[in-house]
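Here's the structure, in structure tokens; my notes come after.
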Amino acid sequence: MNFVLRRLGILLVIACLAACSGAIVPEQAVEHKVSDRVGGLVMAEASRQFVAVEAVGTRTDTLGAVLPGRIVFRPQAMTAIGSPVVARVLSIGVRPGETVKTGRPLMTLQSADVAAARAILNQAAARNAAAEDLLKRQNEMIRKGVGLEVERFSAETAVREARAELERAKHMTALIGEGKGDRFVLRAPVDGVVLDIKVSIGTVVSPGGDALVEIGDPDELWAIADISESEISHVTVGQSARIRVPAIDTRLDAIVDGIGQAVDGEQRRIPVYLSFKEKTGYLSSGMLAEVRLSTVSDTSLNLPASAILIKEDSQQIVYVQRSDGSFEPRPVRTGNSYDGRVIILEGLQAGEEVVVKGALLLDGTAEQLL
């Protein structure tokens, strides 16, 4: 009874649509199907407008459920800059959020250790010059036959010691940087954005203490998603994902770069690290994100569920449109369904044209439409 009522409803819809458009629908137009010589079905022209055809597609990645995530800097994208000696901050030349290039002055500091290191460098340079001059004189005396080999050997030893002392002094002052007297300048070692300045003018800082300035590379961000430990077995490195950043309503493609090994003790979740496939300079660390991992990556044939007709309670068929415009019934075997589509396991090939809307108009004996 339900099937008869549904067919009557379809006929009424066709009649009403045709009346509204001014077209004349032949009596029982839906039934005007003529078998051709090879078993195909030809539909009346008045009914063709209610039929839609689609090529058999292949299943691509589908996205899973939304996972909570956040945008952060990669570890190698952050640079913490400290002081090599005990010093006092005299001035600060940058502000948070400012873009800096390598070598940009960040702040000027004052330190007695710096003055001492520069004095040691000057002394080491003088001693090295004197030792080099003495060795030069000893070599000249040996050449003239009036020098002693033991004195020349002693001069060579003094030169080696003086050079080593000078190199140590140069290394120390190189760590300090440019400046005169007891002042020195901290400069940006990399390009990036100033994330934070942790000191103020007058602050006394020490080597090995907290960073004075933090710089991050805005193009070296990644996303961290938290996934339940019961679902982590479905995640693999290289798996594709789609990330939405609600704050700026932006969607980006990404891939799984790594999977954490530690489980959060309270929420029982594991961090998954994702790399973006494009530049991320317009994102900011700390932004919240919605992460959806791709759950399928194969080439299964698929069709909309509306293309599948059920006959005799179990037989599944579709109608394939042939090159002459007629429709051929084709038995198929289906698999799982997803997002309103059905996997086709047997019976069709990719690219074949199949009726996906109005299939019931072609087959009056179909009992059910999926």
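Which of the numbered conditions does Asn128 fail, given that it passes all the others? Conditions: (1) open to solvent by 70 Å² or more (accessible area, probe 1.4 Å); (2) more than 30 Å from Asp191 (Cα to Cα).
(1)
What number of residues within the range 197-219 are of a type outside the set (Val, Ile, Thr) and open to solvent by 70 Å² or more (accessible area, probe 1.4 Å)?
Number satisfying all stated conditions: 3.
What are the pairs with Cβ atoms under 7 angstrom where one residue, in the range 318-335, is touching a residue at least 12 places away in the same chain (Cβ under 8 Å) and the other, located anywhere, is β-branched (Val, Ile, Thr) and open to solvent by 60 Å² or more (accessible area, probe 1.4 Å)? Sequence gap at least six, or different chains.
Ser326/Val42
Among what's in the range 280-308 and is part of a loop (DSSP other than H, G, I, E, B) and at pLDDT 80 or above, pick the residue that is farthest from Asp217 (Cα to Cα).
Ile308
Considering only residues that are small (Gly, Ala, Ser) and either assigned to a helix (DSSP H, G or I) or open to solvent by 50 Å² or more (accessible area, probe 1.4 Å) (or both), which ones fall in the range 154-183?
Selection gives Ser154, Ala155, Ala158, Ala162, Ala164, Ala169, Ala174.
Can you pull out every residue in the range 184-196 that is more than 36 Å from the chain's Cα centre (by Cα) and either free of Cβ contacts under 8 Å to residues at least 24 places away in the same chain or surrounded by fewer than 19 Cβ atoms within 10 Å (Cβ to Cβ) (or both)?
Val185
Given the conditions (1) surrounded by 13 or more Cβ atoms within 10 Å (Cβ to Cβ); (2) assigned to a strand (DSSP E or B); (3) of a type outside the set (Ser, Thr, Tyr), which single one is not true for Arg251?
(1)
What about Ala164, is it more than 17 Å from Val85 (Cα to Cα) and in contact with a helix residue (DSSP H, G or I) (Cβ under 7 Å, 6 or more places away or on another chain)?
no
Is it true that Ala124 is touching an Asp or Glu at 6+ places or on another chain (Cβ under 9 Å) and assigned to a strand (DSSP E or B)?
Spelling it out, it is not the case that Ala124 is touching an Asp or Glu at 6+ places or on another chain (Cβ under 9 Å) and assigned to a strand (DSSP E or B).
Look at Glu328 and say whether it is open to solvent by 70 Å² or more (accessible area, probe 1.4 Å), in contact with a Lys or Arg (Cβ under 6 Å, 6 or more places away or on another chain), modelled with pLDDT of 85 or more and not hydrophobic (A, V, I, L, M, F, W, C).
No: the conditions fail for Glu328.
Of the residues in the range 224-248, how many are aliphatic (A, V, I, L, M), surrounded by 17 or more Cβ atoms within 10 Å (Cβ to Cβ) and more than 16 Å from Val263 (Cβ to Cβ)?
Qualifying residue count, the range 224-248: 3.
Determine if the range 94-112 includes at least one residue that is over 18 Å from Arg183 (Cβ atoms), part of a strand (DSSP E or B) and open to solvent by 40 Å² or more (accessible area, probe 1.4 Å).
Yes - at least one qualifying residue is present in the range 94-112.
The values are calculated or read from the model by the stated rules, or taken from the named source; none is laboratory data. Just so we're clear, the structure is a prediction, and the values are computed from it rather than from any experiment. Counting neighbours? That spans all protein chains shown, and the Cβs are built from the backbone with ideal geometry, glycine included. We work out accessible area using only protein heavy atoms, side chains counted, and drop any ligands, DNA or RNA first. Shrake-Rupley method; radii C 1.70, N 1.55, O 1.52, S 1.80 Å.
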